[in-house]
Amino acid sequence: MGKKQETNPNSEYGEPAQFDPTFNGPIKKRGCTDIICCILFMAVILGYIAVGILAWLYGDPRHVLYPRNSTGWFCGTGPNKNRPNLLYFNILKCATSINVMASALNGLQCPTTQVCVEKCPSTFWGVGSYFPGSKPADTFNQSLCVPSIDLANTDLTVQQIVDKELCPFFHVPTISVLGRCLPDITALGDPSYFSNIQDLSSSANDTINIIKDIVNGFNARDIGVRIFEDFASSWPWILLGLLIAMVVSMLFLLLLRFTAPVMVWVLIIGVLGAGAYGIWHCYWEYDNHKKNSATITDIGFTTNFNVYLQVQETWLAFLIIISVAEAIILLTLIFLRTRILIAIALIQESSKAISHMMSAMLYPLITFVLLLVCVAYWGATALYLATSGGPIYRVVALNSTMSGCSSINGTMDCDPQNFTSSDYPGCPSASCIFIKYNDEGLFQRNLFNLQIYNAVAFLWCANFVIALGQCTLAGAFASYYWAFTKPDDIPMFPVYGGFMRSLRYHVGSLAFGTLILTLVQIARVILEYIDHKTREAQNPVARFILCCMKCCLWCLEKFIKFLNRNAYIMIAIYGKNFCVSAKNAFMLLMRNVVRVVVLDKVTDLLLFFGKLLVVGGVGVLSFFFFSGRIPLPGNTFRFETLNYYWMPIITVVFGSYLIAHGFFSVYNMCVDTLFLCFLEDLERNDGSLQKPYFMSKNLMKILNKSNKAKKKGRGED
């Protein structure tokens, strides 16, 4: 029955592939596919370049990279070249509580004077007892005042200078963060500093009290600086840990050729053992609670889940569920053992294929570099677009409680370089403050649309880069499978050949598949945005509908990725357009749906175990190393110098996962490619002299098949 199903698959999903005596792997004579989509993709790329050029012409990233003082000049450039830091006279006006830093980094939209200074103040100071008779030159620090005032020759009193915010009436210890003088949490956390401040004015005292509250709320040290110090002292060992992760990942994939059967069956037996223990534990709990008089009807409905664990019905339900799952797994192993053996053989064959073309393991580096270029271009374009409008300044009353300042509401434009507060005699605290960037020009009015275009083009380009890698690797591994004698018949530089074929003939097909995926991803982003904006107004029905829609789009995205992946394999082999390749791949998989499910689950289980082995092993090793439990000879590295030894550990673990994911993605692509080739091999050939199988002897042995034509090759087993 099984053999008949293999030779006569269900015609509902198309006819089997027919024998072609001229076919011996990825065809060489092919033409360009999906030309219309290729032209569309190229047009989008050219438009993307044009948007980048316009953003570069109109944008000025100095608005973000360099701080700007109240007069409109950049700190660290031009006349303020020797003054790279920006001091806020009263940073508490920029935001409240812990949002001080975020607000300061987002821009200068805070109603307080800002000046460029050479160094950020490092001590506490306040006007305090200097009021009211002290001279301005003896009270204030000239380097911290606005450039327009000369303290030695001014006729203004200390009170007038404070009211007009020409000099700060207090400052706290600060550090430079991206050119902004922000409060130094380390200094603020030391109570002894506050004892130096006496006899301050009431406003200054109130401000200091607020700062004390902030410090008490944070109650932390300068964590960022200490983490940077840890990275600076441990980066060579972090790189060593990542190198170990790379070597372990590569060895794991190569050794699967010999250890795959043992590992797969050990994992399967482990799952069965865990299920058996679960059955025993549930029965033990059920027997213990059987004597209790409480039942599920006595408890009723409650949100405390622990209460349900005290009744026998709960454990009886768990016992039934786990027993049914265990029975299903056992029956699956009994009836699908042959297909599990096929999956193991394909995994072994994939390991052998990678050993014959080790250059495939390096291709993820190319994908990573191309993705890095896409991200960098998107980020730079977004930055230039965001700063393409000129800054707009408005007259703002820094102290709105003063009489005569009520009419100044930030609606009057001004020039900060020519502004004088004498134009507003009734409001001495009037100042010219940056409000926003100009959005009234033709280019500026379309900034939002251009940012949307930037994001969509980035998604399409990033998906295209991933698709290009999949098609390249599929072409390389297909050339391995369809080599009759391995490795003698494997073409030279198979990865390079797959890359050139994909780039020369199939840009349109890859762009077509990634466009569909990009549209689904955009729909998901829009749905998430709608959910975020309407969350407070949603009722349970609306939340349920949105949740269902998000779940459906997530499933659709996963299905499209699966379909695209197999379509790219068919494109790499036969050179047909995307729709035909996707249809042929889908029909081929549906004709062998049981094998697809078994191979997919076995491969996922094995690769999950591999990632767990690599990441867990390297993580444990890095823990023992950075925590000082593994001593080093000499004084090359001192563990006690680390402030937070868990930060290098987290870095190594995260980097190890990325490395393992990159290596295993190549291996997964190899398994999928060889699987499709194996299915086509079964449909095309029958083992005769005219139609010999291309599969390995191990696969033929599992299927009770053989070739009348004997293979000869150095790599055959």
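Just to confirm, what accessible area per residue do you get for the stretch 469-609 at 1.4 Å probe, in whole Å²? Working shown, then result.
On the way: 6710 Å² over 141 residues.
Computed with neighbouring chains in place, this is 48 Å² per residue.
Rank these by accessible area, largest first, 1.4 Å probe: L255, L459, L87. Show your work: numbers first, answer last.
Details: L255 90, L459 50, L87 10 Å².
Sorted descending by solvent-accessible area, the residues read L255, L459, L87.
Trypsin sites (Lys or Arg not before Pro), restricted to the stretch 19-71: which are DSSP loop and have at most 13 other Cβ atoms within 10 Å?
Within the stretch 19-71, the qualifying trypsin sites (Lys or Arg not before Pro) (loop, at most 13 other Cβ atoms within 10 Å) are K28, K29.
Once both labels are modelled 7 Å past Cα along the beta-carbon direction, what's the F562-V593 spacing in nm?
Modelled inter-label distance: 1.1 nm.
Mind ordering 275-281, 651-657, 482-488 by average Cβ neighbours within 10 Å, highest first? List each step's numbers first, then the result.
On the way: 275-281: 14.6, 651-657: 19.7, 482-488: 17.3.
In decreasing order of mean packing, 275-281, 651-657, 482-488 become 651-657, 482-488, 275-281.
Tell me, what is the 1.4 Å probe accessible area of T71, in Å² to the nearest 10?
Around 50 Å² of this residue is reachable by solvent.
Residues of the stretch 40-80: accessible area per residue at 1.4 Å, in Å²?
Details: 2110 Å² over 41 residues.
Normalised by residue count, the accessible surface of the stretch 40-80 is 51 Å².
Would you tell me the accessible area of D686, worked out with a 1.4 angstrom probe on the heavy atoms of the protein chains, in Å² to the nearest 10?
90
Collect residues whose amide H, placed 1.01 Å from N in the peptide plane, falls under 5 Å from the amide H of D60; neighbours closer than 5 in sequence don't count.
Those lying under 5 Å, H to H, from D60 are T387, S388.
The values are calculated or read from the model by the stated rules, or taken from the named source; none is laboratory data. Just so we're clear, the structure is a prediction, and the values are computed from it rather than from any experiment. Ideal geometry is used to build each Cβ from the backbone, glycine not excepted, and the neighbour counts take in all protein chains shown. Just the protein is used for accessible areas: all its heavy atoms, side chains included, with ligands, DNA and RNA removed. Shrake-Rupley method; radii C 1.70, N 1.55, O 1.52, S 1.80 Å.
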